[in-house]
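Below is one structure, written out as structure tokens; the observations come after it.
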Amino acid sequence: EVRTFLGDRSDVRVLSEVFASPFDWIFDLSAYTFEQVRLVRQHRVVQDARYIFCSTPSVLAAPVPVPHTETSSCVEPILGSYAGEKRASELLLLHEVTSQSGFISIIRPQAVMGTYDIAQARAIFESIRNKTPLHVSPKSLLSKMNVVDVRDVVTALLATAQTSKANGQIYNIANDRSVTQREFIDLCSHIAGRKLNLCIESRNSTHSWQE
């Protein structure tokens with residue numbers, strides 16, 4: 001059964017309507033703040049369901065080790081920042097695992113990309129389409145990124161919900177191979193079949209050429 005609700009998830013009245021009936025699994029993909037998670041977790045229906053929270057690798061403390069693990073150091077849970085809110089939410093949920101019955105698991109997907117959302121590549125393709133330069137720094141071209149297909153994230157979510165040993169665990173969701181920003185830009189240019197005007201800016205000079 002699929003039920004659709006439209007409303008503000010921070011509105012307690014909306015939440016009461018959503019959780020008026022029981023759920024087997026709850027995949028929380030839209031919680032960006034600690035308060036949003038706290039409000040949801042107050043409902044008994046949520047506590048009784050298998051609850052999987054979508055966090056972010058942004059909670060990892062800089063400099064992020066490559067490769068990193070689920071136990072790598074994290075930022076402080078300071079509210080008001082994206083990473084801090086997500087980390088505070090993680091800690092709240094992990095505390096609940098030890099103090100209550102129920103099922104809670106956390107995933108941290110890397111840069112997610114799918115057919116209908118290419119956020120990680122949007123600026124690159126817009127530069128190619130509009131024939132405008134893409135401004136980058138030499139350091140950023142060497143930085144690594146890990147892109148994950150949204151279908152793999154869905155597979156991970158379902159596998160987590162179906163595995164009892166996932167209770168109380170955090171899972172990084174990543175690709176087998178990281179690529180540099182330069183490699184990713186080259187790949188996008190190859191897919192588009194058009195050259196990209198790449199503008200590399202350093203502190204003292206700017207160099208521009210077509211890739």
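The values are calculated or read from the model by the stated rules, or taken from the named source; none is laboratory data. Given the structure is predicted, the values throughout are model-derived calculations rather than measurements. Reconstructed Cβ throughout: ideal geometry from the backbone, glycine too, with neighbour counts over all protein chains shown. What goes into the accessible areas is simple: the full protein's heavy atoms, side chains included, and nothing from ligands, DNA or RNA. Shrake-Rupley method; radii C 1.70, N 1.55, O 1.52, S 1.80 Å.
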Out of GLU35, GLU76, GLU90, report the one residue that is charged (D, E, K, R), under 23 Å from ALA156 (Cα atoms) and at pLDDT 90 or above. GLU90
Which one of HIS190, HIS135 is over 25 Å from LYS86 (Cα atoms) and touching an Asp or Glu at 6+ places or on another chain (Cβ under 7 Å)? HIS135
Which of the residues that make up the range 50-67 are under 17 Å from SER143 (Cβ atoms), part of a loop (DSSP other than H, G, I, E, B) and among the small types (Gly, Ala, Ser)? ALA61, ALA62
Given GLN100, GLN110, which one is within 29 Å of ILE170 (Cβ to Cβ) and surrounded by 15 or more Cβ atoms within 10 Å (Cβ to Cβ)? GLN110
Quick check on the range 29-46: of everything there that is within 15 Å of ALA88 (Cα to Cα) and charged (D, E, K, R), which residue is least open to solvent (accessible area, probe 1.4 Å)? ARG41
Tabulated pairs, the range 51-63, first farther than 19 Å from PHE27 by Cα, second surrounded by fewer than 18 Cβ atoms within 10 Å (Cβ to Cβ) and at pLDDT below 90, C-beta under 7 angstrom, 6+ apart or interchain: LEU60/HIS68
Of all residues in the range 1-24, how many are closer than 26 Å to GLY84 by Cα and either open to solvent by 50 Å² or more (accessible area, probe 1.4 Å) or not hydrophobic (A, V, I, L, M, F, W, C) (or both)? 6
So LEU141, is it within 30 Å of PHE23 (Cβ to Cβ), more than 17 Å from the chain's Cα centre (by Cα), of a type in the set (A, V, I, L, M) and assigned to a helix (DSSP H, G or I): no
Which residues, counting only those in the range 131-165, are open to solvent by 90 Å² or more (accessible area, probe 1.4 Å) and either modelled with pLDDT under 90 or among the small types (Gly, Ala, Ser) (or both)? LYS131, HIS135, LYS139, LEU142, LYS144
The one condition in (1) of a type in the set (D, E, K, R); (2) part of a loop (DSSP other than H, G, I, E, B); (3) surrounded by 14 or more Cβ atoms within 10 Å (Cβ to Cβ) that LYS86 fails to fulfil: (2)
